[in-house]
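To keep things clear, I will list the structure first and then write my remarks on it.
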Amino acid sequence: MSELNNIALKVIGNGKGILAADESTGTMTKRLDSVNVESSSKNRLIFRETLFSSESMKNCIGGVILYDETIKQSSSSGKKIPELISDSNAVPGIKVDTGAKVLANSREEKITEGLDGLRERLKEYYKLGARFTKWRAVYIISKNYPSKLSIISNAHALARYAALVQESGMVPIIEPEVLMDGNHTAEDCYKKTSEVIKKCFEELIIHKVDLKGTILKPNMILPGANSKEKIPSEEIAKLTVKCLKDSVPSEVPGIAFLSGGQTETEATENLNSINNNNQTNFIMTYSFGRALQQSALKFWSKNIKDIKGTQTTFNHRANMCSLAAQGKWSQNIETQDN
Ligand code: 13P
């Protein structure tokens, strides 16, 4: 088995998933503003360090995606952040795109940037301890979107990124996120997501990316956030599994979903149903940002000195996600464990 495949399995195997703590400073500031905590470099570090030194890191978190600021910071005990993460047997990862910018000639859409100088930055991140990376492309759904231009250009950038990452000995997370915004149906989401993912793999194959050494991070198949359509979790799961079964080559070891604006319990319940309906050989797990951190952030914001309490809140969420990644979660366990 290749080294890259081993890393991928370490990150997403054994009922573990990914903690996406790679919010850019701008996004993290929005999150902290929402709970009335000042977004200083120190506060961002305290919150993140609190999560990274939680008990559930050992059994529930196989990898943590960091932002450039955090991977270079040291914890209060003087330990480098990547080392703190490795101490729990989790793998440090790093977001390497430089954000989604307006796409010329399709101005409502975005293209993710960050390829210039990427080879050099990857060398630096590898030295700092990163063994996997993330690049996020975003797509909107409406009558005419996502456009061919956005689908083709983002897939091309994702493939160039992935090839460079593997060249530097790390596993690329391929994240094509079809956004929940809008009033589209789940069927629309299914069609557009299938088209987006198929194009990504077409490009990854052209760029000779070793698919066994990648992780796909897609959205689940959901109705738009403003849609009147409400469908049961099992239906979401069936659509999501069918979409991935038909669009993802079998060499890919696993799929780690983003939460994308679902509540913590929605994301957990849907992941659990996905695993109960998983008719593929893919590992199906989580790479959640908000759906792993929301309650912990809220708790912490009330008293940023209550590290233990914040960790207890985070541990509960991480345990629930890990159960869902094994299809063992239930509403009863959710309430009892809390
Ligand atoms: P959410 O789970 O909050 O969508 O974040 C995941 C992520 O990493 C988005 O790029």
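Remarks
- The lysines whose alpha-carbon is closer than 22 Å to the alpha-carbon of Lys305, local same-chain residues fewer than 8 away aside, are Lys30, Lys42, Lys79, Lys80.
- Look at where the Cα atoms of the stretch 186-238 and of the stretch 263-338 average out, and the two centres are 21 Å apart.
- Cross-link pairs Lys198/Lys242; Lys95/Lys328; Lys198/Lys238 - those with Cα-Cα distance over 20 Å: Lys95/Lys328
- In order along the stretch 31-37, phi translates into HN-Hα couplings of 4, 6, 4, 5, 10, 6, 10 Hz, rounded to whole numbers, per the Karplus curve 6.51 cos²θ - 1.76 cosθ + 1.60 with θ = phi - 60° and x for Gly and Pro.
- Size of electric dipole in the stretch 209-320: Cβ of Lys, Arg +1 and of Asp, Glu -1, about Cα centre, debye, nearest 20: 400 debye
- Taking the C-alpha atoms of the stretch 229-316, convex hull volume expressed per residue in Å³: 108 Å³
- Charge tally in the Cβ shell below 15 Å around Glu109, where Lys, Arg are +1 and Asp, Glu are -1, Glu109 excluded: +3
- Selection of GluC sites (Glu not before Pro), the stretch 236-311, meeting DSSP coil and at most 15 other Cβ within 10 Å: Glu251
- For Tyr286, distant residues with modelled amide H under 5 Å away: Ile18, Phe257
- Separation of the stretch 16-85 from the stretch 130-180 is 23 Å, based on Cα centroids.
- Charged-residue dipole, Cβ positions (Lys, Arg, Asp, Glu), the chain about Cα centre, Debye nearest 20: 360 debye
- Convex hull per residue volume in Å³, alpha carbons only, for the chain: 126 Å³
All of the numbers you see were taken from the coordinates with simple rules; none came from a lab. Note that the structure is predicted; figures quoted are calculated from it, not measured. Ideal geometry is used to build each Cβ from the backbone, glycine not excepted, and the neighbour counts take in all protein chains shown.
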